[in-house]
Amino acid sequence: MERRDKPDVVVVGAGLSGLTAARELSREGFEVLVLEARDRPGGRTHTVDANGVAVDLGAEWIDAAHSEIRGLTSELGLELVPAERGKESARWYIGGKFTEEMPLSNRDEQIYRRMGDALAEAASGADPNAPWKNAPGEDPSVEIWLRDAGMSVSGMHVIETLISSCGSTVPLSRMSFYSYALKVATRGGPGRGNEYRITGGAGNVTKAVAGELDGQIRYSSPVTEISHDGQGVKVAWVGHEGPAAVRARAVVMAVPFTCYRTIRFDPRPPMVFRRMISDSVYGVVRKMAFIFDSPAVEHSSFTITDTPLGYLCAAQDGGSPFGSWGIVSFVGSTPLLPELGLDFKERRHRAVEILRTLYDIPEPEIVLEKVWPHDYWTCGSYMIVAPGDMSGFGEEMGGTFGRVYLAGAEGFAAAPSFMNSAVKAGLRAGRKVTEALGAG
């Protein structure tokens, strides 16, 4: 049944990028309708409360260099919590052994330092707002660069643990060296990043923006079809009351490319967009939280491991001045794969066993888990730009076809795995629509 109300713009997805775009367009005077497949806002940003401990089961960290997301949190009156220690000063657990420093041989450490210099040089000529313009014709993977530089097998394992398992969630063999250089640059340079969390969890950002858009968001309403022509665009979805549709002047797509595959487009997107939809590389990631009935770990205890727990750090303070009441785990890429075929009970048991090897702690009271590859509306973690994709996809990652405007974290090609990229892409999509349609 087609609805009678006619918004100016339909935004598909109530994640951070979609809500940012909707907020921007509403402020410009446009009537906006946001359609969200889940029963909550936030998308890959999802905060839950566990006995007073704010647990981010999705996006969590904000970098000092991420001005767009920091500006949004400030506008919303939210506070940032500085991180006392990060990965650069973590302890390591590799091959069943603890070390206080990154376990590299002298030769491998020199290669790793050269890699930092090479990353800085690769990103030095890039336009941060149009990074595809200077993308190199030959774009090796991070793995190939390290192998050509002479990194040993053991050193490769350490770097894979740091960058892939505890960061980008795809193997080094599938990561573009140039795109990784841009990602490092957007964080402020090598070793930078993870300086802040949002008080009460990252979900407070999307909750606040969704509150501003009250009445303009329809939840549990997955979009099934988008058809557009010279007269406008029709967006169809299935909600609680059955099939529905509206006509609008434009539509903003603010969902992962994995979700485009569930929508029928008429006419079909141009070839480059179809390749993005079918070929974009998404990682696998799991976050876990272990909650205790007393402070369990000092805030400074950040641990990087090659286990199925990846990196571990203290959860946001549960109210104690002595430490955190929880420990958060993040792991992606290869170490996670064997876990995906197990049921939650077995995954929980294995995780707690590893955790108690790493920390002198009691049995946790609560164990929370989010396996993002199992999430139907994400089908993975986030996009990582593969070798050749920066030049192959180019500006179309945040582009337009017909009356369809792309947003989402993927809409900003330099670093599509950060909350800042989601906000930046949402703002950019909002500006593009405003320029195309005129003032609302």
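Data for the structure
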quantity	calculated
Value of [θ]222 nm, deg cm²/dmol, for the chain, DSSP H segments ≥ 4, -39500 (n - 2.57) each, nearest 500	-8500 deg cm²/dmol
Angle in degrees between helix 16-27 and the longest Cα principal axis of the chain, rounded to the nearest 10	40
Estimated FRET transfer efficiency when R0 is 41 angstrom, pair SER154-ASP293 (beta carbons, to 0.05)	0.55
FRET efficiency, 1/(1 + (r/R0)^6) with R0 25 Å, evaluated for HIS374 and LYS345 via beta carbons	0.95
Charge context of ALA409, other residues only, Cβ under 10 angstrom, K/R +1, D/E -1	+1
Protection-proxy order for peptides 254-260, 14-20, each taking the mean of Cβ atoms within 10 Å per residue, highest first	14-20, 254-260
Protection-proxy order for peptides 31-39, 328-336, each taking the mean of Cβ atoms within 10 Å per residue, highest first	328-336, 31-39
Identified option (computed Rg and Dmax of the Cα atoms in Å; candidates (i) 23.8, 85; (ii) 63.7, 230; (iii) 21.7, 69)	(iii)
Segments 212-222, 384-394 sorted - mean Cβ within 10 Å per residue, highest first	384-394, 212-222
Long pairs among LYS207/LYS370; LYS183/LYS207; LYS133/LYS287; LYS234/LYS432, criterion Cα-Cα beyond 25 Å	LYS183/LYS207; LYS133/LYS287
Overall dimensions of the stretch 196-263 by Cα: Rg and Dmax, Å	15.0, 46
Listed residues ARG70, ARG274, ARG197, most fluctuating in the chain (Gaussian network, C-alpha, under 10 Å)	ARG274
For the stretch 117-177 versus the stretch 220-239, the gap between their alpha-carbon centres in whole angstrom	39
FRET efficiency for GLU363 and ALA436, using Cβ-Cβ distance with R0 set to 41 Å, rounded to 0.05	0.10
Listed residues ASP148, ASP279, ASP63, most fluctuating in the chain (Gaussian network, C-alpha, under 10 Å)	ASP148
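Bear in mind these aren't lab numbers, they're just calculated from the coordinates by the rules spelled out. On a predicted model such as this, the values are computed, not experimentally measured, just so you know. Don't worry about glycine lacking a Cβ; one is built from the backbone with ideal geometry, like all the others, and counts go over all protein chains shown.
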